[in-house]
Amino acid sequence: MDKTAADLATAVAGIEDGMTVMIGGFGGAGSPIELIHALIDRFLATGKPSGLTVINNNAGNGHVGLAALIEAGMVRKLICSFPRSADPVVFTELYQAGRIELELVPQGTLAERIRAGGAGIPAFYTPTSFGTDLAKGKPVEEFEGRSYVRERWLKADVALVKAEAADTHGNLTYRAAARNFNPLMCMAAAETVVQASRIVPAGGIDPEIVITPGIFVQKVVAVPHPQQEEDLNLANAIYPEVA
Amino acid sequence: MDKTAADLATAVAGIEDGMTVMIGGFGGAGSPIELIHALIDRFLATGKPSGLTVINNNAGNGHVGLAALIEAGMVRKLICSFPRSADPVVFTELYQAGRIELELVPQGTLAERIRAGGAGIPAFYTPTSFGTDLAKGKPVEEFEGRSYVRERWLKADVALVKAEAADTHGNLTYRAAARNFNPLMCMAAAETVVQASRIVPAGGIDPEIVITPGIFVQKVVAVPHPQQEEDLNLANAIYPEVA
Amino acid sequence: MMAKLSNNQIAWRAAQDIHDSAYVNLGIGFPEKVAQYQPAGREAIFHTENGILDFGPPPAKGEEDWDLINAGKKAVTLRPGSAFFHHADSFAMVRGGHLDVAILGAYEVAENGDLANWSTGPKGVPAVGGAMDLVHGAKRVAVITDHVTKDGKPKLVKRCTLPLTGVACVTRVYTSLAVIDIEEGRFVLREKLAGLSLADLQAVTEAELLVSGSVADLTVPDL
Amino acid sequence: MMAKLSNNQIAWRAAQDIHDSAYVNLGIGFPEKVAQYQPAGREAIFHTENGILDFGPPPAKGEEDWDLINAGKKAVTLRPGSAFFHHADSFAMVRGGHLDVAILGAYEVAENGDLANWSTGPKGVPAVGGAMDLVHGAKRVAVITDHVTKDGKPKLVKRCTLPLTGVACVTRVYTSLAVIDIEEGRFVLREKLAGLSLADLQAVTEAELLVSGSVADLTVPDL
């Protein structure tokens, strides 16, 4: 068993028009920039994929990574908790022009819906958002005198994930708070595509420290020195660079 | 902050009559034998605690650990998935005599109910047990054409847990498949009491390999060379040893 | 007495259908034998409910590590690429549809795919373990079983009489006499022992066996 | 113009109520300041939604590790005893009642404990983050805020007019003028600036301030 993909282009080749794509990361930490850029490259070369529904905590920053994906016009709808941040100009302009759809989900509910998708739990109850606009239209139930909102699972066709180490079976570790949504998204997608700073043979990761077991991963691709969104934005980078 | 308890007796001192106690382990792996025996010692000395509801995957084996707790007459009700095994004579006899109550829960549902208790999810839907005797009386709902059973969270007053390493903040690691229910039970109990093979200062466990963050743990006690249920049973041990 | 496959031979036959790189859960007891017969060149990864992915055969006697056990509480070993995880993650793998195959034992299998394998009725101590999760989780749920009970009664029935483990969940049954698929609520015969007539097989099967296309000989090595 | 506490002073006052060994989540922005004023000898452990327990102050400029950030995407450091975890575990801590205190900012707080702090209405891009989870998770939810809006309007109101973050969730409000508890759907005044009359405070508070027992002087150091 060897889940290693030859290169980034091969890794993202399975993403088609209209698919739902989970993208790991919280802000720039854990954001699989190189996978996203490979997807943009494919779109620029072939016109596909477009009309994507993207699930991420945020809406991108600056003009790289998720923001660049949105800017390229590939995203029809965003499901996230916090599309506002230092420089989310790209999303904000499209949203205000009515050219991108937004489903706003409280952060913990977003995480739990993704986990539920991965764990075969079609719905669950949470106290979060009870009595607020974000609970409108959702079933409410009382347990032990307290009111809860029913939320549905989230699943995706593909997840794009950033890891620290991967082995050829797809077992993963992460780096610091770059973990965030990545392990959950691995569970909830039909195809999980992982960029890892290094790929080691099976047995190269201590089974005690595996965070994502390989059963949740379909493809791994090596990106030895991944870029950080914050560094790119501090340098005012724009993807793709205009010749 | 130092969550270290002086000794086993101190560690289990908070367990009172009629409480619900989660006990980690799957069979003997991860079973906190020394904590259980300390609780039995207290009962033999003081007559307390009794009338406990115990949540564990099994019903104990032989005459040590959970089986000894049951044999001592301290357990009113057991919530578990698999009370049948090589030598569960103690439970079987009490059950058939109508002297102990049993709530049988599918193993995955048991795990998920405990996690839900720890995660503030009062109820969730699962396909497991739909159409079976174990779903009787539970609400059923259809999602996307498939039927699911609604299950409730499980919480406990106290969890007794076996870990490999603990730091003074209560961060934990486990050993191999001794992990099993232990991290979930840490989350779901008002007071989580941990026996660990070693206790290190805060900072002594790499934050990347912490399995249970300290927020879920209230007391840790060092048990440097914990006994294994299987070894005790191979030696026909009986707890407490009769003089 | 009818010629029939040994348990080892049934396990062997079931193992031939496990594709390369499959994630597999084997039920406690008889199904555990399937792991011994992995075809050469195909690598299956075995999952155990109690938190190990990619475990290997039992250790030598006296070498057991009792923290390294499978769902049947038997000592196992690790293979390169293994991982540990807690029970909620383990059953996320099960319930979430991440396992390719689960192979389970059975008291009864009904033609609509219902399975009864956890309780023989009100007597004794009931115990369910992970069976009810597995039958609604794995992408493919197969059963291996003797074709009839010890008393010679059919195990492949029209409707289960014993308490159900799951509803309409089994898609293939490997028995001591035949390989039978469940399609649209009916038993469809795929393979039977060469010396066995359809009439003889039907005589020990309560529900009707459909034949759709050719029925292959069920051939297995001596084991 | 009425004398009032600076944001630093409000944060200082809120920090005095955090007990030793408390697990604390501080909202993005202003509430982050509370961490600076931990009383000596008391050790609070700070949680950030994005997966760190026990993080410390920001690193020196140029020393940032952008994989080590807090919920406000600011670089942080680690303290001995820290742990990393994924978002589902992080919000299990939040929703499951494991945090002792959450301290949040507010647009409006109503006398019944309702909080509005995520949306100023239909204009702009809505963003909620983890606020709705925090208000229904932490054992104690406190608010720190200027007593009035920039336009001088009351923020402590009878009923919130802005979209709610949570229902009946706030139990204490630290403002630039006073410390106020919410008990049984009413504001109960605990402390106010020494030079401030009850009437003057009531004049900038929409809902009625009850006095139950003595009202202490709200005294804070120069900061």
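The values are calculated or read from the model by the stated rules, or taken from the named source; none is laboratory data. Keep in mind that this is a model prediction, so the values were computed, not measured. In this analysis, Cβ positions are derived from the backbone assuming ideal geometry, glycine residues included, and neighbour counts consider all displayed protein chains.
Under 17 Å from the mean Cα position of the chain (by Cα) and of a type in the set (Ser, Thr, Tyr) - does that describe any residue in the range D:104-113?
yes
Just give me the residues in the range B:153-172 being surrounded by fewer than 24 Cβ atoms within 10 Å (Cβ to Cβ) and among the acidic types (Asp, Glu), in sequence order.
B:ASP157, B:GLU164 - these are the residues of the range B:153-172 that are surrounded by fewer than 24 Cβ atoms within 10 Å (Cβ to Cβ) and among the acidic types (Asp, Glu).
Between a residue in the range D:182-196 that is at positive phi and any residue that is at pLDDT 95 or above, which pairs come within a Cβ distance under 6 Å, given they are 6 or more apart or on different chains?
As it stands, the answer is D:GLY185/D:ASN112, since those pairs meet every condition given.
Hey, can you tell me all the residues within the range B:167-193 that are within 27 Å of D:LYS139 (Cβ to Cβ), touching a residue at least 60 places away in the same chain (Cβ under 8 Å), out of contact with any helix residue (DSSP H, G or I) (no Cβ under 7 Å at 6 or more places or on another chain) and not hydroxyl-bearing (Ser, Thr, Tyr)?
Correct list: B:ASN182, B:ALA189, B:GLU191.
Is the range D:194-205 home to any residue that is under 14 Å from the mean Cα position of the chain (by Cα), under 30 Å from D:PRO126 (Cβ atoms) and not in a strand (DSSP E or B)?
There is no residue in the range D:194-205 that is under 14 Å from the mean Cα position of the chain (by Cα), under 30 Å from D:PRO126 (Cβ atoms) and not in a strand (DSSP E or B).
Any chance you could count how many residues in the range A:147-166 are within 30 Å of D:PRO122 (Cβ to Cβ) and either aliphatic (A, V, I, L, M) or out of contact with any helix residue (DSSP H, G or I) (no Cβ under 8 Å at 6 or more places or on another chain) (or both)?
Residues meeting the conditions: 6.
Give me a count of the residues in the range A:194-226 that are free of Cβ contacts under 8 Å to residues at least 40 places away in the same chain and of a type outside the set (A, V, I, L, M).
Residues flagged as free of Cβ contacts under 8 Å to residues at least 40 places away in the same chain and of a type outside the set (A, V, I, L, M) within the range A:194-226 amount to 10.
If the requirement is being among the aliphatic types (A, V, I, L, M), surrounded by fewer than 20 Cβ atoms within 10 Å (Cβ to Cβ) and in contact with a Leu (Cβ under 7 Å, 6 or more places away or on another chain), which of these qualifies: C:VAL143, C:VAL220?
Going through C:VAL143, C:VAL220 in turn, the sole match is C:VAL220.
Going by the conditions given, is B:GLY131 on the phi > 0 side of the Ramachandran plot and surrounded by fewer than 24 Cβ atoms within 10 Å (Cβ to Cβ)?
Considered against the rule, which asks whether it is on the phi > 0 side of the Ramachandran plot and surrounded by fewer than 24 Cβ atoms within 10 Å (Cβ to Cβ), B:GLY131 comes out as yes.
Among the numbered conditions (1) small (Gly, Ala, Ser); (2) free of Cβ contacts under 8 Å to residues at least 60 places away in the same chain; (3) within 14 Å of chain C (Cβ to nearest Cβ); (4) surrounded by 22 or more Cβ atoms within 10 Å (Cβ to Cβ), tell me where A:SER81 comes up short.
(3)
Counting only residues that are outside any strand (DSSP E or B) and either more than 18 Å from the chain's Cα centre (by Cα) or modelled with pLDDT under 95 (or both), which one in the range A:152-170 is farthest from the other protein chains (Cβ to nearest Cβ)?
Restricting to residues being outside any strand (DSSP E or B) and either more than 18 Å from the chain's Cα centre (by Cα) or modelled with pLDDT under 95 (or both), the top hit is A:THR168.
Kindly provide the set of residues from the range D:168-186 that are within 26 Å of D:VAL128 (Cβ to Cβ) and buried (at least 19 other Cβ atoms within 10 Å of the Cβ), ordered by number.
Scanning the range D:168-186 gives D:CYS169, D:VAL170, D:ARG172, D:VAL173, D:TYR174, D:THR175, D:SER176, D:ILE180, D:ILE182.
For a quick check of your reading of the model, give me the residue pairs whose first member lies in the range A:107-134 and is farther than 21 Å from C:ALA92 by Cβ and more than 11 Å from chain C (Cβ to nearest Cβ), whose second is surrounded by fewer than 24 Cβ atoms within 10 Å (Cβ to Cβ) and of a type in the set (S, T, N, Q), with beta-carbon atoms closer than 8 Å and at least 6 apart or on different chains.
If the second residue must be surrounded by fewer than 24 Cβ atoms within 10 Å (Cβ to Cβ) and of a type in the set (S, T, N, Q), the pairs left are A:PRO127/A:SER147; A:PHE130/A:SER147; A:GLY131/A:SER147; A:ASP133/D:SER119.
Could you identify the single residue in A:GLU34, A:GLU71 that is free of Cβ contacts under 8 Å to residues at least 24 places away in the same chain and either touching a Phe, Trp or Tyr at 6+ places or on another chain (Cβ under 6 Å) or charged (D, E, K, R) (or both)?
After ruling out the rest, the residue left standing is A:GLU71.
Does the range C:164-174 contain any residue that is away from chain B (no Cβ under 14 Å), under 26 Å from C:ASP217 (Cα atoms) and not β-branched (Val, Ile, Thr)?
Yes - at least one qualifying residue is present in the range C:164-174.
Kindly evaluate B:VAL75 against the criterion of being more than 21 Å from A:PRO139 (Cβ to Cβ), more than 14 Å from chain D (Cβ to nearest Cβ), crowded, with 22+ Cβ neighbours inside 10 Å and among the β-branched types (Val, Ile, Thr).
So B:VAL75 passes the test.
If you go through the range B:55-62 one residue at a time, do you hit one that is surrounded by fewer than 24 Cβ atoms within 10 Å (Cβ to Cβ), within 16 Å of the chain's Cα centre (by Cα) and under 29 Å from C:ASN70 (Cα atoms)?
Scanning the range B:55-62 turns up no residue that is surrounded by fewer than 24 Cβ atoms within 10 Å (Cβ to Cβ), within 16 Å of the chain's Cα centre (by Cα) and under 29 Å from C:ASN70 (Cα atoms).
For D:ALA138, all conditions in the list (1) out of contact with any strand residue (DSSP E or B) (no Cβ under 6 Å at 6 or more places or on another chain); (2) part of a loop (DSSP other than H, G, I, E, B); (3) farther than 28 Å from D:ALA3 by Cβ; (4) among the small types (Gly, Ala, Ser) hold save one; what is the number of the exception?
D:ALA138 satisfies every listed condition except (1).
Taking the options C:VAL215, C:VAL204, C:VAL211, name whichever one is β-branched (Val, Ile, Thr) and closer than 23 Å to C:PRO31 by Cα.
Of the residues listed, the single one that is β-branched (Val, Ile, Thr) and closer than 23 Å to C:PRO31 by Cα is C:VAL204.
Name the residue that is nearest to the other protein chains (Cβ to nearest Cβ), counting only residues in the range B:192-243 that are part of a helix (DSSP H, G or I) and surrounded by fewer than 17 Cβ atoms within 10 Å (Cβ to Cβ).
Looking at the filtered set, the residue picked out is B:ASP231.
With the structure loaded, tell me whether B:VAL90 is more than 11 Å from the chain's Cα centre (by Cα), within 15 Å of B:TYR239 (Cα to Cα), within 12 Å of another protein chain (Cβ to nearest Cβ) and not charged (D, E, K, R) or whether it fails that test.
yes
Which ones in the range C:100-135 are outside any loop (DSSP other than H, G, I, E, B) and within 14 Å of chain A (Cβ to nearest Cβ)?
C:VAL101, C:ALA102, C:MET132, C:ASP133, C:LEU134, C:VAL135
Identify the residue in the range A:96-106 that is surrounded by 13 or more Cβ atoms within 10 Å (Cβ to Cβ) and either among the hydrophobic types (A, V, I, L, M, F, W, C) or in contact with a Gly (Cβ under 9 Å, 6 or more places away or on another chain) (or both) and, among all such residues, is farthest from the other protein chains (Cβ to nearest Cβ).
Only one residue fits best here, namely A:ILE100.
Residues are listed down the side, and each one gets a yes or a no for (1) aliphatic (A, V, I, L, M); (2) without any contact (Cβ under 8 Å) to a residue 24 or more places away in the chain; (3) surrounded by fewer than 23 Cβ atoms within 10 Å (Cβ to Cβ):
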residue	(1), (2), (3)
C:ALA40	yes, yes, yes
C:GLY51	no, no, no
C:ALA71	yes, no, no
C:ALA75	yes, yes, yes
C:ARG79	no, no, yes
C:PHE85	no, no, no
C:PHE91	no, no, no
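Do you know which of the residues in the range D:34-90 that are more than 22 Å from the chain's Cα centre (by Cα) and basic (Lys, Arg) is nearest to A:ALA116 (Cα to Cα)?
D:ARG79
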